[in-house]
1. Return yes when F67 is aromatic (F, W, Y), within 18 Å of the chain's Cα centre (by Cα), part of a loop (DSSP other than H, G, I, E, B) and surrounded by 13 or more Cβ atoms within 10 Å (Cβ to Cβ) and no when it is not.
2. Working carefully through the options D146, D126, find the one that is in a helix (DSSP H, G or I), of a type outside the set (A, V, I, L, M) and over 15 Å from the mean Cα position of the chain (by Cα).
3. Out of all the residues in the range 23-32, which are closer than 22 Å to T1 by Cβ and either surrounded by 15 or more Cβ atoms within 10 Å (Cβ to Cβ) or within 17 Å of the chain's Cα centre (by Cα) (or both)?
4. What are the residues in the range 19-38 that are more than 20 Å from E137 (Cβ to Cβ) and in contact with a Phe, Trp or Tyr (Cβ under 7 Å, 6 or more places away or on another chain), if any?
5. In the range 153-167, which residue that is farther than 18 Å from I32 by Cβ and charged (D, E, K, R) is surrounded by the fewest Cβ atoms within 10 Å (Cβ to Cβ)?
6. Please specify each residue of the range 35-49 satisfying the condition of being touching a residue at least 40 places away in the same chain (Cβ under 8 Å), open to solvent by less than 70 Å² (accessible area, probe 1.4 Å) and either touching a helix residue (DSSP H, G or I) at 6+ places or on another chain (Cβ under 6 Å) or not in a strand (DSSP E or B) (or both).
7. Quick one: which of N55, N66 is out of contact with any Ser or Thr (no Cβ under 8 Å at 6 or more places or on another chain), over 22 Å from K140 (Cα atoms) and in contact (Cβ under 8 Å) with a residue 40 or more places away in the chain?
Amino acid sequence: TFQDWAKALNFPCRITVVNDRTNTPEERLGSIGDIKFALDNAKINDDLLVVGGDNLFDFDISQYINFAVSKQKAAIGVYDIHNLEEAKLFGVVAVDNNAKITSFEEKPAAPKSTLIAMCFYYFPKDTLGLLAQYLKETGKADKAGDYIKWLYQKVDVYGYKFSGKWFDIGSVESYNEAQENFK
């Protein structure tokens, strides 16, 4: 189980597995619903790092953490996939010279760039209450991209550009491609 894995892991910080006890796709809480569930049930009262389980990458995240902590604002991982057609499958972002998010379009039909948002989020402790506000205002608990789009319009959100290998392995095709690239 994931609980056994977390206990056996020799990691410099504590990892807690929070099980939402869903058993079918129909019971799922959604990505934002799961984050809210974890905040409430694990009694999280600290900065939060969210990394989607379908991210596969080879980069060191320490510079991202340093960047996010230095901003003390929400920060998302962004990545240039260099392909406008593929960008249609993701949230497309724009950042200013200070790395502040200036636009976010979820799965646009005509992307303006190839800079996409990864499911890689840092939320400082003082922004965690915004999650409940978002859920109350919108009733949307499924898509993290919808939350990021809402959030950057309420508070400053920054984008940290990762470089290296990255794959969203949420489909069989991308999973197979990642396997070939990580051999």
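1. no
2. Just one listed residue meets the conditions, D126.
3. Scanning the range 23-32 gives L29, S31.
4. D20 - this is the single residue of the range 19-38 that is more than 20 Å from E137 (Cβ to Cβ) and in contact with a Phe, Trp or Tyr (Cβ under 7 Å, 6 or more places away or on another chain).
5. Checking each candidate, the answer is K165.
6. If the condition is that a residue be touching a residue at least 40 places away in the same chain (Cβ under 8 Å), open to solvent by less than 70 Å² (accessible area, probe 1.4 Å) and either touching a helix residue (DSSP H, G or I) at 6+ places or on another chain (Cβ under 6 Å) or not in a strand (DSSP E or B) (or both), then I35, K36, L39, I44, D47 are the ones that fit.
7. Of the residues listed, the single one that is out of contact with any Ser or Thr (no Cβ under 8 Å at 6 or more places or on another chain), over 22 Å from K140 (Cα atoms) and in contact (Cβ under 8 Å) with a residue 40 or more places away in the chain is N55.
Let's see how each residue does on (1) of a type in the set (A, V, I, L, M, F, W, C); (2) within 23 Å of T127 (Cα to Cα); (3) part of a loop (DSSP other than H, G, I, E, B):
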{"position": "W5", "(1), (2), (3)": "yes, no, no"}
{"position": "T22", "(1), (2), (3)": "no, no, yes"}
{"position": "L29", "(1), (2), (3)": "yes, yes, yes"}
{"position": "F59", "(1), (2), (3)": "yes, no, yes"}
{"position": "I101", "(1), (2), (3)": "yes, yes, no"}
{"position": "E105", "(1), (2), (3)": "no, yes, no"}
{"position": "A109", "(1), (2), (3)": "yes, no, yes"}
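The values are calculated or read from the model by the stated rules, or taken from the named source; none is laboratory data. It should be emphasised that the depicted structure is a prediction, and the values quoted were computed from it without experimental measurement. Cβ atoms come from the backbone with ideal geometry, glycine included; neighbour counts cover every protein chain shown. These accessible areas exclude ligands, DNA and RNA; they are computed on the full protein's heavy atoms, side chains included. Shrake-Rupley method; radii C 1.70, N 1.55, O 1.52, S 1.80 Å.
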